[in-house]
Amino acid sequence: MVQRHLHQRPPSSVAGGEIVVEAGPTDPEGRLEAEAAGEVVLSLPSPEGLSREADEVRRVIAEAGTGVEPLVIVIEAAEELRDEELAPALAATAHTSRAVILRVIGDA
């Protein structure tokens with residue numbers, strides 16, 4: 001559902017190319033399979049946590065240090081992603097030279 005929503009009605013950050021959406025392989029229940037690459041710096045139950053925990057999002061990204069491995073924020077479940085939810089993660093990317101991945105594990 002979240003993938004369909006992102007393609008049918010993408011947030012302006014996705015439509016404008018600031019954020020790239022890429023679907024990954026899922027298990028039989030439709031949950032995103034584990035990715036071998038990336039350093040998980042934060043895990044949240046829903047995308048609403050990105051805006052509620054904006055200071056924490058910025059802090060973990062800024063304090064992750066240098067490296068080549070992307071930083072990963074895990075969202076356990078989402079129906080859709082809104083600009084106001086994506087904004088803190090997008091703003092936090094200014095505090096690192098590393099790529100930042102927002103992984104949505106499954107539909108809510």
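It is to be established whether one or more residues within the range 4-26 are under 17 Å from D107 (Cα atoms), touching a residue at least 24 places away in the same chain (Cβ under 8 Å), part of a helix (DSSP H, G or I) and over 13 Å from the mean Cα position of the chain (by Cα). Yes - at least one qualifying residue is present in the range 4-26. When the range 83-106 is filtered for residues that are in contact with a Gly (Cβ under 8 Å, 6 or more places away or on another chain) and either surrounded by fewer than 16 Cβ atoms within 10 Å (Cβ to Cβ) or outside any strand (DSSP E or B) (or both), only R98 remains.
Looking only at the range 44-59, how many residues end up being over 8 Å from P88 (Cβ atoms), surrounded by fewer than 18 Cβ atoms within 10 Å (Cβ to Cβ) and not acidic (D, E)? It would help to see each step written out before you state the result.
Step one: filter the range 44-59 for residues over 8 Å from P88 (Cβ atoms), giving 44-49, 52, 55-56, 59.
Adding the requirement that they be surrounded by fewer than 18 Cβ atoms within 10 Å (Cβ to Cβ) leaves 45-46, 48, 52, 55-56, 59.
Filter once more, so that each one left must be not acidic (D, E): 45-46, 52, 59.
Result for the range 44-59: 4.
Can you name the condition, by its number, that G49 falls short on among (1) of a type in the set (G, A, S); (2) modelled with pLDDT of 90 or more; (3) part of a loop (DSSP other than H, G, I, E, B)? For G49, the exception is condition (3).
Collect the residues in the range 1-31 that are more than 11 Å from L102 (Cβ to Cβ), of a type in the set (D, E, K, R) and loosely packed, with under 10 Cβ neighbours inside 10 Å, keeping them in residue-number order. Correct list: E29 only. Contact map, the range 69-82: residues that are surrounded by fewer than 23 Cβ atoms within 10 Å (Cβ to Cβ) and at pLDDT 90 or above paired with residues that are among the polar types (S, T, N, Q) and assigned to a strand (DSSP E or B), Cβ distance under 8 Å, separation 6+ or inter-chain. Pairs shown: V74/S43; E76/S43.
Looking only at residues of the range 32-41 that are within 15 Å of A99 (Cβ to Cβ) and surrounded by 15 or more Cβ atoms within 10 Å (Cβ to Cβ), we find that the one that is modelled with the highest pLDDT is V41.
Out of curiosity, is V68 under 18 Å from R98 (Cβ atoms), in contact with a Leu (Cβ under 7 Å, 6 or more places away or on another chain) and of a type outside the set (D, E)? The answer is no for V68.
The values are calculated or read from the model by the stated rules, or taken from the named source; none is laboratory data. Note that the structure is a prediction, hence the values are computed from the model and not measured. Don't worry about glycine lacking a Cβ; one is built from the backbone with ideal geometry, like all the others, and counts go over all protein chains shown.
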